[in-house]
1. Order of B:63-70, A:179-186 by packing, highest average Cβ count within 10 Å first?
2. Over the whole of A:33-40, what's the average partner chain Cβ count within 10 Å per residue? Rounded to a whole number, please.
3. Counting other Cβ atoms within 10 Å, which GluC sites (Glu not before Pro) in the range A:135-199 have at most 16 and lie in a DSSP loop?
4. Taking a spot 7 Å from the Cα of residue B:57 along the direction of its beta carbon, which residues of the range A:11-41 have an amide N less than 13 Å from it?
5. Given labels modelled 7 Å from the Cα in the Cβ direction, how far is it in nm from residue A:93 to residue B:86?
6. Using the heavy atoms of the protein chains alone and a 1.4 angstrom probe, what is the accessible area of the range A:139-199 per residue in square angstrom?
7. Other chains' Cβ within 10 Å of A:14-23 residues: what's the mean?
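The values are calculated or read from the model by the stated rules, or taken from the named source; none is laboratory data. Computed from a prediction, not measured in an experiment: that's the story for all the values here. Every residue, glycine among them, receives a Cβ derived from its backbone with ideal geometry; neighbour counts consider all protein chains shown. All accessible areas refer to the heavy atoms of the entire protein, side chains included, with ligands and DNA or RNA removed. Shrake-Rupley method; radii C 1.70, N 1.55, O 1.52, S 1.80 Å.
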Amino acid sequence: MSFDASIDDVVDDPDAALLARYAQGDAAAARLLTVQLSPRAFGHAFRVLGDRSEAEDVTQDALMRLWKIAPEWRSGEAKVSTWLYRVVANLCTDRLRKRRGGVPLEDIAEPADPAESAEAKLQRGAREDALQTALDALPERQRQAVVLRHIEGLANPEIAQILEIGVEAVESLTARGKRALTALLAGQREALGYEDDKT
Amino acid sequence: MTKPDTDMLETLFQDARAAPPALPDGLLDRIMADALAQQSNARSRGWRGIWQAIGGAPAFGGLVAATAVGFWIGVAPPSTLPDIATQIITGASYAALDDTATPDLTAFGWDIDEG
């Protein structure tokens with residue numbers, strides 16, 4: 001047991017303090033960590049993989065790894081959320097590599113619920129699909145970097161830690177990714193309702 | 001690439017941030033179940049690990065029974081056994097048999113060979 005929660009941990013990384021409590025047998029800490037971290041892990045996995053079922057498996061697997069490592073967690077080395085994003089990113093990379101050997105990349109999730117017939121909902125769905133389809137077309141590293149930067153809203157140094165690359169490489173990946181997305185989405189302004197958008 | 005195109009991308013990012021994908025039904029429950037199961041496993045590696053290693057409650061029950069029987073035999077031995085406890089307390093000899101009376105049973109005669 002090398003992990004002791006201190007005031008610094010609570011200030012710097014509240015998740016680390018919760019993880020320490022979890023390792024000491026606190027079920028409430030497990031619940032808080034689950035509620036706070038699962039949506040972030042699932043969100044990233046879903047955006048990178050474009051598949052809810054696979055994202056679900058990745059999320060559960062990543063959290064399981066967190067529970068297992070909790071007793072040996074060393075504070076000060078990395079934030080819990082950064083560590084978790086790294087695990088999710090690596091699990092996604094593994095799945096995308098396996099997919100390349102079999103299922104085509106364009107096999108993406110179906111639109112949410114076809115019964116949603118209101119025009120605004122359809123348009124929102126179309127926009128989400130358009131973004132996801134464009135994301136799926138990006139090279140994997142660019143996609144991971146763009147999702148972490150522009151959807152998860154992380155800072156470049158943290159993304160560098162997650163992807164285990166330099167900050168400059170992150171800047172390059174996100175810039176190239178955004179250029180590619182813009183090109184992929186060009187010409188869809190009218191179809192996506194951006195010409196006279198009132199929503 | 002035009003300004004409106006980049007603006008549209010920013011808007012799409014904003015929409016995506018504002019509406020994160022909904023978690024699948026039951027996922028939180030499954031993750032929570034994993035967390036509690038793992039917590040329980042980790043705890044069992046402490047004192048519970050030792051408890052499990054000796055076989056848990058059934059083995060402990062057997063251990064207690066054997067100890068109690070042994071203690072009772074020491075306190076109140078059956079008539080066919082020498083009362084060692086009394087002999088120790090009173091200082092009496094607790095050799096039940098006379099060694100010299102049964103020379104054939106002692107070390108198969110090796111003690112005689114070696115003088």
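1. A:179-186, B:63-70
2. Counting Cβ atoms of other protein chains within 10 Å of each residue's Cβ and averaging gives 4.
3. A:164, A:190, A:195
4. none
5. That separation, rounded to one decimal, is 8.2 nm.
6. Value returned for the range A:139-199: 49 Å² of accessible area per residue.
7. 1
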